[in-house]
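Working notes, structure below.
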Amino acid sequence: MNDKLLHLYGGFNGTETNLSNRSSDIGTTLDAQKNNDRVLEIKTNSTIDSFTITGGNTSNSGGGIYISNSSPIITNCTITGNNTTNGYGGGIYINSGSPTITNCTITGNNATGDVGGNGGGIYISNSGTPTITNCTITGNNATNTNNGYGGGIYIAG
């Protein structure tokens, strides 16, 4: 599959004609329903705005969002209820790139397993340089047989 630039905007009820008509009161959800996959894999400088990202459940890294070698903009999102077993980054995994994460809540995500199990909320690796502004990161868990590190954020490398 080709990696295409994508801009996703939530907060619409269906009658709006432009972005300024959106409402933050309207919940728009991307839900993987715990079907053994992550919710989003981002490999371009895309925009994700005003979504709840939930239900990711993978044995690889990035239960909610996997970012690879790109610099997307993620804003006004709630990233919750995502899991990785034997991987890293229950909520978000950043593998290089410089994403901008603003006005987001990252809560209730888990990274567990014998291998991995670090970065319950966010895991940053391979020279990833995110900018995280005005975000709440709380209630995330990281556990593995050797301890588990970074319930909220784990930075490697």
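The values are calculated or read from the model by the stated rules, or taken from the named source; none is laboratory data. What you are looking at is a predicted structure, and each value in this text was computed from that prediction instead of being measured. Please note: Cβ atoms are built from the backbone with ideal geometry, for glycine as well, and neighbour counts cover all protein chains shown. Ligands, DNA and RNA are stripped out before the accessible areas are found, and what is left, the full protein with its side chains, is counted by its heavy atoms. Shrake-Rupley method; radii C 1.70, N 1.55, O 1.52, S 1.80 Å.
Here are some notes:
- Mean-square fluctuations from a GNM of the chain, with a 10 angstrom spring cutoff on Cα atoms, peak among 11, 64, 116 at 11.
- For region 93-147, the Kirkwood estimate of the hydrodynamic radius, built from every pair of different alpha carbons, is 11.9 Å.
- Pairwise FRET efficiency - residue 19 versus residue 127, Cβ, R0 = 35 Å, nearest 0.05: 0.60
- Under 5 Å, built H, 5+ apart or other chain: amide partners of residue 48: 8, 73, 74, 75
- A Förster radius of 35 Å combined with the Cβ-Cβ distance from residue 9 to residue 96 puts the calculated FRET efficiency at roughly 0.85.
- Of the options (1) 17.3, 58; (2) 14.8, 53; (3) 20.0, 60, only one is Rg and Dmax of the Cα atoms in Å as computed from these coordinates, and that is (2).
- Theoretical gain in end-to-end length, residue 73 to residue 44 [0.36 nm per residue, Cα-Cα removed]: 9.4 nm
- Backbone HN-Hα couplings from phi across region 107-123 [Karplus 6.51/-1.76/1.60, Hz, Gly and Pro as x]: 8, x, 9, 9, 10, 9, x, 6, 10, x, x, 10, x, x, x, 9, 10
- Per residue, the solvent-accessible area of the chain (1.4 Å probe, heavy atoms of protein chains only, all protein chains present) comes to 48 Å².
- Region 38-157 - percent of accessible surface contributed by carbon and sulfur, probe 1.4 Å: 41 percent
- Placed amide H near residue 137: partners under 5 Å, 5+ positions off or other chain: 106
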